[in-house]
Amino acid sequence: MAVHPGIVAADQAPEKPLPESLTPAEFNRAVAELRRAIGDEWVFTDDEGDLRTYRDVYSTLPDEANMPSAAVAPRSVEEIQAILKIARSYQIPLWTVSTGKNYAYGGPAPRKPGFFVLDLNRMKRIIEVNEEHGYAVVEPGVSYFELYNYLQRRGSKLWIDPAAPGWGSVLGNLLEHGAGYTPYGDHLLMNCGMQVVLADGTVVETGMGALSGSATSSLYKYGCGPWVEGMFTQSNFGIVTKVGIWLMPEPPGYRPYLVTFPREEDLYQITEIVGPLRLNMLIPNAATTVGLIWEAAPNATRKQYYRGKGPMPMRHRRKMAQDLDIGMWNFYGALYGPEPIMDNNWKVLEEAFRSIPGAKFFFEGDRPNDPAWRYRVKLMKGVPNMTEFSLMNWVGSGAHIDFSPRSPVTGEDSMKQFTLIRDRANEYGFDYIGEFLVGWRELLNIFQLIFDRLDEDERRRAHECFGHLVNDFAEQGYGEYRTHLNFMDEIAGTYNWNDGALWKLHHRLKQALDPVGILSPGKSGIWPASKS
Amino acid sequence: MLLLAGCGNDDTTGTGEQADGHADTQVTYLDGKALFELYCIACHGAGPGHPGTMRLEERMSADQAPLLDRDNLPPDYVKLVVREGFKLMPPFRPSEIDDAQLDLLTDYITGDNH
Ligand SMILES: Cc1cc2nc3c(=O)[nH]c(=O)nc-3n(C[C@H](O)[C@H](O)[C@H](O)COP(=O)(O)OP(=O)(O)OC[C@H]3O[C@@H](n4cnc5c(N)ncnc54)[C@H](O)[C@@H]3O)c2cc1C
């Protein structure tokens, strides 16, 4: 079959890399055992066929840097236990994903070439939805779209809180400390109870679920004794096979709004205003200040406004802002609740935002055909969609990785974050495409480093630019909360207080829980003893 | 047709929903339309806000940009793109859309039945 010109070239390597622990003969034997354990059709080894679907197509490195040698897709905890037994006996590194849509941070691809992917997407049970108490219990493969459709069909009055890409999973996203845009946007905070399979095959229920016949496993988070859920997030200490997630009851009223601001420097004052409003929960959801290009991208592409190389000059950006009636910064928030409460809260918010000269206000009905406004309105009430992928149309052949540091919520910190990233991005020829979110007491900046993956030079520049940013930010005392596969060791290295005491603790836990070192080696810079 | 199968097995006849409001359902998609609506429409639907359609509008006439409006898509090409991805569209794994489902999906997209 002819390869379409738009498709990134196939892996040219004559022989695929295998895990270091396996000879080709052992690889074949292990694969045969896996096929017997879970069925032929759910073990993938064809690196010119099905296995290619596990590439990270948005990476700044070539495909080969993260190509697995096999993938296995079990359907149940029992099948996972059978796979673990084989993996332990052959010392196979198993990279766990759920829906595997972790694009911008690695997609379904493993940390190193040759690893096997343990793909849990076929585990799609919606185990429980509790309308009265407002929660669901789901398996790894349940996507936001699926849970949303399910609730809609049965007329539920519960909202979900999706990340911007609706195809991700409740479970995979919360394990990554992911976030959404309703008042339930801090996903790990809304998690209640987990089931985890350890490397030796032991199944553990956490929190109240540890009590046999528990009546509150999805109602009270902390159980009794140490609270362990966090240990299984962004880690490689176990395989999570079930999570409880709290769902927000539909409020009596919902009023989304957008405030646009004309100048780049306005970010300082926006942040000063938003910080206390968020802290006091007058803004109850992700308070999101979206940069010009991010806001423009669902409506426009770069070449409509600028055909030159390098960052788009201010003159062209101003023209675009004017045409699209958006700002250099665009603040999205929403009011939730009974009408009188929304009316009162809005008075406070409006007065605060009006203090910035040139602020313009938009409400429901003001931008009926603007896809940027429309997807924000959906996200802030928990309706999953994919519109944000329009950002990658900005340069036409888009891939991207995300740089996601956190700082205190002050005007000064916001400007420092913004200018550090903008200047570094511009130095490497990229536009600043970012947004700021106030989680609660901290300011998250998501910088989407969007590049053309078919352009070798651009891809290399993107990789270098990212590496520089990690150091730039560490010097300011700002850390990233999450990162792409190929920067996990670098970022772990910035968490180095007291001679890296925290990562030494992680490594001791790793050794205790997974002595053979089979689970996701290298996740978050945590390696088995044999490799660290 | 979208069926909710009983938990943990391939029995696609029951809904698995229990009267007390507890769910325990395995969602299984058995026809092309349901598959298209779950996996493709968010990017390939008609109108603004769909990144696939937005991009395809750059290379073809607006009335041909939504996938379901295309009259010249060879089935093998659809299958290739689904498994290979295409620039910002990442590939779909067989654990998401298996080969039998891909046949149903392709028939739906390239047929007249929508
Ligand atoms: C355009 C765009 C916008 C985005 N917007 C957002 C956003 O708004 N919010 C946000 O949070 N993210 C965002 N992302 C990042 C990412 O795409 C999402 O977080 C996505 O939900 C992660 O993929 P997933 O849910 O399929 O998780 P998976 O890929 O299944 O899992 C993610 C990681 O978690 C670990 N893991 C998964 N399952 C298990 C398990 N069962 N046991 C142990 N470890 C496991 C693995 O290390 C895995 O790599 C965005 C990305 C893009 C491209």
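The values are calculated or read from the model by the stated rules, or taken from the named source; none is laboratory data. Small disclaimer: the values here were computed from a predicted structure and weren't measured. Methodologically, a virtual Cβ is constructed for each residue, glycine included, from the backbone with ideal geometry; neighbour enumeration extends over all protein chains shown. Accessible surface areas use protein heavy atoms only, side chains included; no ligands, DNA or RNA. Shrake-Rupley method; radii C 1.70, N 1.55, O 1.52, S 1.80 Å.
Residue count for the stretch B:71-89, restricted to those that are assigned to a loop (DSSP other than H, G, I, E, B), free of Cβ contacts under 8 Å to residues at least 12 places away in the same chain and under 17 Å from the mean Cα position of the chain (by Cα): 1. Looking at the stretch A:145-198, which of the residues that are within 14 Å of chain B (Cβ to nearest Cβ) and hydroxyl-bearing (Ser, Thr, Tyr) is farthest from residue A:135 (Cα to Cα)? Per the criteria, the residue is A:169. Of all residues in the stretch A:351-374, those that are in a helix (DSSP H, G or I), out of contact with any Gly (no Cβ under 8 Å at 6 or more places or on another chain) and touching a residue at least 60 places away in the same chain (Cβ under 8 Å) total 4. Is it true that residue A:264 is within 24 Å of the chain's Cα centre (by Cα), of a type in the set (D, E, K, R) and modelled with pLDDT of 95 or more? It is false that residue A:264 is within 24 Å of the chain's Cα centre (by Cα), of a type in the set (D, E, K, R) and modelled with pLDDT of 95 or more.
Restricting the stretch A:468-482 to residues that are in a helix (DSSP H, G or I) and among the acidic types (Asp, Glu), which is least open to solvent (accessible area, probe 1.4 Å)? Working first, answer last.
From the stretch A:468-482, those in a helix (DSSP H, G or I) are A:468-475; that's our starting set.
If we keep only those that are among the acidic types (Asp, Glu) as well, we get A:472, A:475.
Values: A:472: 20, A:475: 148 Å².
The selected residue is A:472.
Looking across the stretch A:433-465, the residues that are within 19 Å of the chain's Cα centre (by Cα), modelled with pLDDT under 95 and not in a strand (DSSP E or B) come down to A:439, A:440. For the stretch A:307-326, check the following and say yes or no: at least one residue is surrounded by 12 or more Cβ atoms within 10 Å (Cβ to Cβ), at pLDDT 95 or above and farther than 29 Å from residue A:423 by Cβ. No, that holds for no residue. Would you mention how many residues in the stretch A:130-169 are in a strand (DSSP E or B) and touching a helix residue (DSSP H, G or I) at 6+ places or on another chain (Cβ under 7 Å)? Summing the residues that are in a strand (DSSP E or B) and touching a helix residue (DSSP H, G or I) at 6+ places or on another chain (Cβ under 7 Å) in the stretch A:130-169 gives 3.
The residue of the stretch A:93-112 that is nearest to residue A:484 (Cα to Cα), among those that are out of contact with any helix residue (DSSP H, G or I) (no Cβ under 6 Å at 6 or more places or on another chain) and more than 9 Å from the ligand (Cβ to nearest atom), is A:112.
On inspection, residue A:408 fails the criterion of being in the same structural domain as residue A:275 (by TED's automatic domain parsing) and open to solvent by less than 40 Å² (accessible area, probe 1.4 Å).
Here's the yes/no breakdown for (1) in contact with a helix residue (DSSP H, G or I) (Cβ under 9 Å, 6 or more places away or on another chain); (2) away from the ligand (no atom under 16 Å from the Cβ); (3) closer than 22 Å to residue A:196 by Cβ; (4) open to solvent by less than 20 Å² (accessible area, probe 1.4 Å):
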position: A:434; (1), (2), (3), (4): yes, no, no, yes
position: A:451; (1), (2), (3), (4): yes, no, no, yes
position: A:457; (1), (2), (3), (4): no, yes, no, no
position: A:466; (1), (2), (3), (4): yes, no, no, yes
position: A:484; (1), (2), (3), (4): yes, no, no, yes
position: A:491; (1), (2), (3), (4): yes, no, no, yes
position: A:512; (1), (2), (3), (4): no, yes, yes, no
position: A:531; (1), (2), (3), (4): no, yes, no, no
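Against the test of being open to solvent by 20 Å² or more (accessible area, probe 1.4 Å), β-branched (Val, Ile, Thr) and in a helix (DSSP H, G or I), the options A:383, A:348, A:377 yield a single qualifying residue, A:348.
Test residue B:86 against the stated conditions and say whether it is closer than 29 Å to residue A:369 by Cβ, hydrophobic (A, V, I, L, M, F, W, C) and more than 10 Å from chain A (Cβ to nearest Cβ). When the stated conditions are applied, residue B:86 does not pass them. If the condition is being under 21 Å from the mean Cα position of the chain (by Cα), at positive phi and open to solvent by 20 Å² or more (accessible area, probe 1.4 Å), then the stretch A:183-238 contributes only A:234.
Picking from residues in the stretch A:359-394 that are more than 9 Å from every other protein chain (Cβ to nearest Cβ) and in contact with a Lys or Arg (Cβ under 6 Å, 6 or more places away or on another chain), the one that is farthest from the ligand (Cβ to nearest atom) is A:373.
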